[in-house]
Amino acid sequence: MRVGLVGKRALVTGASQGIGRGIVEVFARLGVRCVTAARRKDILEEHAQELIATGGVAPVPIEVDLFEDNAASYLFEHAENALGGVDILVNAAGRSKAPDAPRQTPFNHPSELWEKELHLNYVVLRELTFMVLPSMQERKYGRIINVTGKSEPEKLSTANPPKAAVHAWAKGLSRLIALDGVTINQISPGKIVSEQMLANYSAQELEAYGKKDIPLGRLGAPEELGYLAAFLASPEAGYITGAVIPVDGGMKRYAF
Ligand SMILES: NC(=O)c1ccc[n+]([C@@H]2O[C@H](COP(=O)([O-])OP(=O)(O)OC[C@H]3O[C@@H](n4cnc5c(N)ncnc54)[C@H](OP(=O)(O)O)[C@@H]3O)[C@@H](O)[C@H]2O)c1
């Protein structure tokens with residue numbers, strides 16, 4: 001099977017590192033023109049050069065801090081101008097904890113820090129979705145893919161409430177837009193090698209974790225989510241919407 005992605009246009013947030021970058025890697029090789037967004041434009045530019053050198057479609061990097069006021073509208077306008085329209089939105093920006101936050105979130109963690117994670121992991125992606133939706137509905141084609149997380153919290157974490165909010169909100173939205181040719185789906189990563197992971201855990205900790213807690217015995221690679229994202233973005237996945245699909249090496253413990 002081939003996925004029909006040649007010539008499609010995607011806006012990918014969180015594209016400088018980890019899962020977002022892995023998705024761009026796969027998209028560019030399958031003929032998708034991407035606007036890549038993150039704060040570190042130098043990394044986005046280097047990656048664009050690597051992709052061009054290896055035969056991928058050249059991405060257009062955009063520097064944006066999603067904590068800034070009006071970040072979503074700034075990003076949307078730049079993506080529209082650069083691409084002439086957005087067929088695919090991938091919301092991959094996020095973090096499971098702030099760089100200076102404790103590994104274990106205390107129960108009395110300050111409200112503004114809970115709200116900050118809600119903003120980055122839910123509010124901004126909802127705003128961006130509403131901005132890209134009208135023209136997707138007009139063209140009768142759109143794919144929204146949110147990179148979220150698992151719904152089985154092992155400990156208290158500021159990341160869990162926003163991911164659960166995305167799952168519930170997207171399910172509702174999927175029903176409203178289904179007949180317009182627009183789908184919205186979530187990819188729920190298990191433990192994927194990323195900058196965030198490498199900053200929070202040592203290489204030995206990650207290897208030991210993979211052997212002990214992941215049936216496939218290792219952490220995932222960002223491109224392994226990229227393949228699912230490419231399928232979900234394609235016309236061939238038009239009958240899948242409102243879903244939360246894990247890519248986790250079998251890590252999820254429950255059948256439902
Ligand atoms: N990796 C995993 O195992 C795992 C597991 C469960 C869920 N997730 C979720 O998957 C998503 C991607 O995670 P990842 O592991 O790929 O993380 P990562 O390697 O840390 O990458 C995060 C991306 O988000 C961007 N970003 C962060 N804050 C931003 C801001 N304020 N403005 C604009 N861009 C921002 C970063 O770019 P800049 O720093 O250049 O701005 C980077 O490109 C996150 O929502 C995470 O919670 C990941």
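The values are calculated or read from the model by the stated rules, or taken from the named source; none is laboratory data. Computed from a prediction, not measured in an experiment: that's the story for all the values here. So basically every Cβ, Gly included, is an ideal-geometry build from the backbone, and we count neighbours across all protein chains shown. Quick note on the areas: whole protein, heavy atoms, side chains included, nothing else; ligands and nucleic acids left out. Shrake-Rupley method; radii C 1.70, N 1.55, O 1.52, S 1.80 Å.
Overview of values
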{"read-out": "Identity of the residue in segment 104-128, open to solvent by 20 Å² or more (accessible area, probe 1.4 Å) and among the charged types (D, E, K, R), that ends up nearest to the chain's Cα centre (by Cα)", "value": "Arg126"}
{"read-out": "Only one of Ile240, Ile245, Ile187, Ile214 that is among the β-branched types (Val, Ile, Thr) and farther than 22 Å from Phe27 by Cα", "value": "Ile214"}
{"read-out": "The lone exception for Gln204 - which of (1) within 21 Å of Gln104 (Cβ to Cβ); (2) within 16 Å of the ligand (Cβ to nearest atom) it fails", "value": "(2)"}
{"read-out": "Pairs where the first residue, in segment 191-220, is within 21 Å of Tyr254 (Cβ to Cβ) and among the small types (Gly, Ala, Ser) and the second is more than 10 Å from the ligand (Cβ to nearest atom) and open to solvent by 50 Å² or more (accessible area, probe 1.4 Å), C-beta under 9 Å, 6+ apart", "value": "Gly210/Leu216; Gly210/Arg218; Gly217/Lys211"}
{"read-out": "Selection count where residues are free of Cβ contacts under 8 Å to residues at least 12 places away in the same chain and within 16 Å of the ligand (Cβ to nearest atom), scope segment 31-56", "value": "3"}
